[in-house]
Amino acid sequence: MKARVHVMLKDGVLDPQGQAVAHALGALGFEGVGEVRQGKVIDLDLAGTDRAAAEAQVREMCEKLLANTVIERYDIEIG
Amino acid sequence: MKARVHVMLKDGVLDPQGQAVAHALGALGFEGVGEVRQGKVIDLDLAGTDRAAAEAQVREMCEKLLANTVIERYDIEIG
Amino acid sequence: MQEPAITDELIAAHGLKPEEYAEILRILNRAPSFTELGIFSAMWNEHCSYKSSKKWLRTLHTEGPQVICGPGENAGVVDIGDGQAVVFKMESHNHPSYIEPYQGAATGVGGILRDVFTMGARPIAAMNALSFGQVDHPRTRQLVHGVVEGIGGYGNCFGVPTVGGEVRFHPAYNGNCLVNAFAAGLADADSIFYSAASGVGMPVVYLGAKTGRDGVGGATMASAEFDEGIEEKRPTVQVGDPFTEKRLMEACLELMASGAVISIQDMGAAGLTCSAVEMGDKGGLGIRLDLDAVPQRETAMTAYEMMLSESQERMLMVLRPEKEAEARAIFEKWDLDFAIVGETIPEDRFLILHKGDCKADLPLSKLASSAPEYDRPWVETPPAPEMAEVPGIDPIDALKALIGSPNYAAKHWVYEQYDSQVMADTIRRPGLGAGIVRVHGTDKALAFTSDVTPRYVRANPVEGGKQAVAEAFRNLCAVGARPLAATDNLNFGNPEKPEIMGQFVGAIQGIGEACRALDLPIVSGNVSLYNETDGSPILPTPTIGAVGLIDHVDQVIAGTPQEGHLALLLGA
Amino acid sequence: MKAAVLVFPGSNCDRDLAVAFRNAGAEVSMVWHKDDALPEGVDVVGIPGGFSFGDYLRCGAIAARSPITRAVIEHTHRGGYALGICNGFQVLTETGILPGALMRNAGLKFVCKPVDLTVETVDSAFTAGYAKGQGITIPIAHHDGNYVADADLVARLRDEDRITFTYRDNPNGSVADIAGILSENRRVLGLMPHPERAAEPAHGGTDGAALFRSLVGALALA
Ligand SMILES: Nc1ncnc2c1ncn2[C@@H]1O[C@H](COP(=O)(O)OP(=O)(O)O)[C@@H](O)[C@H]1O
């Protein structure tokens, strides 16, 4: 089974990387670009076939390691 | 309009981050974790309402800035 | 899997000239297999064989009482007294850095660090000499950012202080930037490790990261001129993993201390091929490799791919068999791969087995020694045209113009992205001439500098070559160091053009003369040719990296000029 | 006085930190990350700079979940001392021993240079050797030293006098110019600058030496 995790900075936490991307896009002449936020995506190959169990396992991975919940939020897709 | 871009290392290109995460998950006792790949996700706020135009614009952003197509591939979701 | 048939196109795609292929047929008395063709192309390309430069490199001054090991090994070794030695070399990663600046530069740093710790030395200092195109050229900004970040990304994580270097801008590098990386390490003079295998039936061990399809064909690319087809050659760039390199270094140094190592060689360009052939050739032995045992990152890899892979952070070693358990435990401690992949054999053969088939069976010594060597035609560089009258300009305006030009501007934007103080022995950080690092636990110190002025070399290769050596020598003296020895990184255009070959020959003559006069032996080096894009060459750029010894840190000439200080002009 | 310096596979300031502790008079042992206990009788744990696990995922994240780090957490819960420098500070915030987080520098680049700091508090074993308000110069070398904390946390750190050092010319975007903070019991210090790189005359500055001297002195008496 495949799982995809997105880890993004929480709203309200300044995202210097996203800002730099927005700025660079502007400098390249792209117009109409508003806010840009950059985060991480983590794709996992998991053994097992139970979606609910997989989701619970990945949630635990996020809490324990993949996200720093002080500044980041995450979402999980089981695919 | 919102766009989401995923930038991942091409298959076959070494992903040291993904390897380190897989190893760490194993050390934390998570079982059945196979390959892990880590990439970037970039969320953009765009002006305009034409989905096709937006997609074309974001594709150009990827080619010019967001992805390094020598070693990375990208996909675009207009949401 | 069926291997492709050998056609003229395939031979050409491997960078082999028809007469070189004819030589292969003569050596083998038969046609090579596909894997064998790949092995020959790797061994015989410019990058590995030095076929255009060997004749001239032999004329350099390479000896002296301080030299423990001169050119020919992974790095040069020089005595610094008290039973210690400094091990150093400089190497280019020009083409990969132009294609993928971050990873190209990063893996260049990784390669030179491996060259140093393969010899048993812990890296203690790094430098980088960079040449970019015009500041306002569309590619330059991205190249500068990527290269500098890549050098920092790798060296900082690995944990070596970067204490010096150069940055220049000139339109001649618009289509071909130069990234020359230097590293120096510290070792005990009586425990230097070399690549020559010895003993028959000794296990050949694979160490480090797993093998992927990285850069298959990369060594061939590194020696090819750029052209429109460059896009297709892109996947030959590898990703570096400094964290693995750091562990590999610690594991190797531990392994060497355990007495398990007979010989060791890092896997650089065409990793498994070049390293195995070199170990066998230097030891007068054959090597058998069982590719099924090679740790692999990807599935269904062929023998050809494994033999030519440039995956980073790997080593090959000949092991004392009775130490196997101890050696394996060290690599397990650092979570690295350790696999016995073959053995030394008495016959002069390079035997490659995969999935029950013999994929290559070549005379090993011939592979190493019979690489073509060319005495390429060259013409002396004509005298540079007279300079136009220098316009009368106010000295202050002239100074402002100089300071304001990118070539003479302060370089802190670059070197502040490098950790210059990790290991806590840096005495002089980049920014003021030579960098200085203390020899850990002693009062001695080593000074490092890297210099060349390409426009001088273009105007007069012999004098320009001399000047580069002299400037490096002066930079060391100026901080209170006694110059010990040097390394050179010779970056030139296409040697098949007599005028480029003439620049090369002239520069080597000049470097040789200056080194003899100053008794500054060249103990290691690297040649990078074919630095051209669409026929337009770079400036001839023979970078000189030099190392000096300071007997006591109190003798360092330091200090920044202050108001009221006296300025003296010394020399001619 | 006994110090333990942790060694993760990518630590590269572990030796530097051990040298600084020894020069200040401490007895030092190096402790491997796979160990699950600290040596007997350790007074202070040093978590060194470097790239513990390549700084992959997030700086310090993987190290914070290592077996030895669990032992460090227990040690601090028992009232033990700990000093985290650079990557060590990142490890301490990742474990939650210290509050807040360290993000990518505002300028997005790695920065290595000496910076001027103000000593904000002398009320700790680490900073007792300085004068309050003293200006000192210590090198930094990091890519992720941008300290983030919400307004409440910053106010609390201030009210409780837990900010030890601030930058005079903020190099990384840290909130309130924070360069180092203390735990609630004032026995754990995390800081981004590297005092061990400014501890001997050969380093070109010795402003960092007082930190090790006062720590070792205080713990030797304790
Ligand atoms: N790429 C670089 N990496 C590290 N240090 C550099 C680099 N480029 C320049 N420097 C440092 O900046 C200082 C000035 O360099 P440069 O302008 O070449 O003058 P110099 O003639 O003194 O070598 C030197 O200390 C040099 O080592």
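The values are calculated or read from the model by the stated rules, or taken from the named source; none is laboratory data. Worth saying up front: this structure is predicted, and the values here are computed from it rather than measured. When we count neighbours, we look across all protein chains shown, and the Cβ atoms used for this are built from the backbone with ideal geometry, even at glycine. Keep in mind that these areas ignore ligands, DNA and RNA; they rest on the heavy atoms of the full protein, side chains included. Shrake-Rupley method; radii C 1.70, N 1.55, O 1.52, S 1.80 Å.
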Study note, to complete from the structure: If you go through C:Ala276, C:Ala339, C:Ala329, C:Ala269, the only one that is at pLDDT 95 or above, under 19 Å from C:Asn74 (Cα atoms) and not aromatic (Phe, Trp, Tyr) is C:Ala276
Point to revise | Single match in C:Gly464, C:Gly502, C:Gly506 (criterion: part of a helix (DSSP H, G or I), within 16 Å of the ligand (Cβ to nearest atom) and either farther than 25 Å from C:Arg376 by Cα or more than 20 Å from the chain's Cα centre (by Cα) (or both)) | key: C:Gly464
Point to revise | Test for C:Leu568: is it open to solvent by 90 Å² or more (accessible area, probe 1.4 Å) and more than 27 Å from C:Val179 (Cβ to Cβ) | key: yes
Exercise for review: Residue by residue through segment C:121-132, note down the ones that are away from the ligand (no atom under 13 Å from the Cβ) and buried (at least 23 other Cβ atoms within 10 Å of the Cβ).
Suggested key: C:Ala121, C:Pro123, C:Ile124
Review point. Can you name every residue in segment C:430-461 that is away from the ligand (no atom under 13 Å from the Cβ) and away from every other protein chain (no Cβ under 14 Å)?
Key: C:Arg455, C:Tyr456, C:Val457, C:Arg458, C:Ala459, C:Asn460, C:Pro461
Review point. Within segment A:6-32, can you find the residues that are in a helix (DSSP H, G or I) and more than 7 Å from chain B (Cβ to nearest Cβ)?
Key: A:Pro16, A:Gln17, A:Gly18, A:Gln19, A:Ala20, A:Ala22, A:His23, A:Gly26, A:Ala27
Exercise for review: For residues that are among the hydrophobic types (A, V, I, L, M, F, W, C) and open to solvent by 50 Å² or more (accessible area, probe 1.4 Å), tally how many sit in segment B:51-73.
Suggested key: 4
Check your understanding: If you check every pair at least six apart or on different chains, which have Cβ atoms under 9 Å apart with a residue in segment C:519-546 that is open to solvent by 10 Å² or more (accessible area, probe 1.4 Å) first and a residue that is part of a loop (DSSP other than H, G, I, E, B) and aliphatic (A, V, I, L, M) second?
Key -> C:Gly525/C:Leu60; C:Tyr530/C:Ala224
Review point. Scanning for something over 30 Å from C:Pro385 (Cβ atoms), in contact with a Pro (Cβ under 9 Å, 6 or more places away or on another chain) and within 9 Å of the ligand (Cβ to nearest atom), does segment C:476-486 turn up at least one residue?
Key: no
Check your understanding: Just wondering, is there one or more residues in segment B:33-50 that are crowded, with 17+ Cβ neighbours inside 10 Å, in a helix (DSSP H, G or I) and either among the charged types (D, E, K, R) or within 11 Å of chain A (Cβ to nearest Cβ) (or both)?
Key -> no
Check your understanding: Looking at segment C:358-373, is at least one residue open to solvent by 30 Å² or more (accessible area, probe 1.4 Å) and within 16 Å of the ligand (Cβ to nearest atom)?
Key -> no
Review point. Looking at segment C:331-357, which of its residues are open to solvent by 20 Å² or more (accessible area, probe 1.4 Å), in contact (Cβ under 8 Å) with a residue 24 or more places away in the chain and in a helix (DSSP H, G or I)?
Key: C:Lys333
Exercise for review: Would you confirm whether any residue within segment C:163-178 is in a loop (DSSP other than H, G, I, E, B), touching a Leu at 6+ places or on another chain (Cβ under 6 Å), of a type in the set (A, V, I, L, M, F, W, C) and open to solvent by less than 10 Å² (accessible area, probe 1.4 Å)?
Suggested key: yes
**Study point:** Meets criteria (within 14 Å of chain D (Cβ to nearest Cβ), over 16 Å from C:Phe88 (Cβ atoms) and not aliphatic (A, V, I, L, M)) for C:Tyr418
**Key:** yes
Study note, to complete from the structure: Selection from segment D:178-212 of residues open to solvent by less than 10 Å² (accessible area, probe 1.4 Å), outside any helix (DSSP H, G or I) and among the hydrophobic types (A, V, I, L, M, F, W, C) yields D:Ile178, D:Ala179, D:Ile181, D:Leu182, D:Val188, D:Leu189, D:Leu191, D:Met192, D:Ala198
Check your understanding: Which numbered condition trips up C:Leu446, out of (1) touching a Phe, Trp or Tyr at 6+ places or on another chain (Cβ under 8 Å); (2) outside any loop (DSSP other than H, G, I, E, B)?
Key -> (1)
Study note, to complete from the structure: Among (1) within 30 Å of the chain's Cα centre (by Cα); (2) away from chain D (no Cβ under 14 Å); (3) in a loop (DSSP other than H, G, I, E, B), C:Ala410 falls short only on (2)
Exercise for review: Answer yes if at least one residue in segment C:144-152 is away from every other protein chain (no Cβ under 13 Å), within 10 Å of the ligand (Cβ to nearest atom), under 30 Å from C:Met317 (Cβ atoms) and not in a loop (DSSP other than H, G, I, E, B), and no otherwise.
Suggested key: no
Exercise for review: Quick one: which helices (runs of 4 or more DSSP H) lie wholly within segment C:1-89 and hold at least 2 residues that are open to solvent by less than 10 Å² (accessible area, probe 1.4 Å)?
Suggested key: C:18-28, C:34-44
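For every residue, the table says whether it meets (1) open to solvent by less than 50 Å² (accessible area, probe 1.4 Å); (2) among the polar types (S, T, N, Q); (3) within 8 Å of the ligand (Cβ to nearest atom).
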position	(1), (2), (3)
C:Ala398	yes, no, no
C:Ser405	yes, yes, no
C:Tyr408	no, no, yes
C:His412	no, no, yes
C:Tyr418	yes, no, yes
Exercise for review: Go through segment A:36-79 residue by residue and tally those that are charged (D, E, K, R), touching a Gly at 6+ places or on another chain (Cβ under 8 Å) and at pLDDT below 95.
Suggested key: 0
Revision key, fill the gap. Given (1) touching a helix residue (DSSP H, G or I) at 6+ places or on another chain (Cβ under 6 Å); (2) surrounded by 14 or more Cβ atoms within 10 Å (Cβ to Cβ), C:Pro377 misses just (2)
Review point. Do the conditions hold for C:Ala424, that is, is it free of Cβ contacts under 8 Å to residues at least 12 places away in the same chain, surrounded by 23 or more Cβ atoms within 10 Å (Cβ to Cβ) and away from the ligand (no atom under 13 Å from the Cβ)?
Key: yes
Exercise for review: Return the total of residues in segment C:431-452 being touching a residue at least 12 places away in the same chain (Cβ under 8 Å), over 21 Å from the mean Cα position of the chain (by Cα) and within 18 Å of D:Pro201 (Cα to Cα).
Suggested key: 9
Point to revise | Qualifying strands (runs of 3 or more DSSP E) (wholly inside segment D:1-117; at least 3 residues being open to solvent by 10 Å² or more (accessible area, probe 1.4 Å) and more than 14 Å from chain C (Cβ to nearest Cβ)) | key: D:27-32
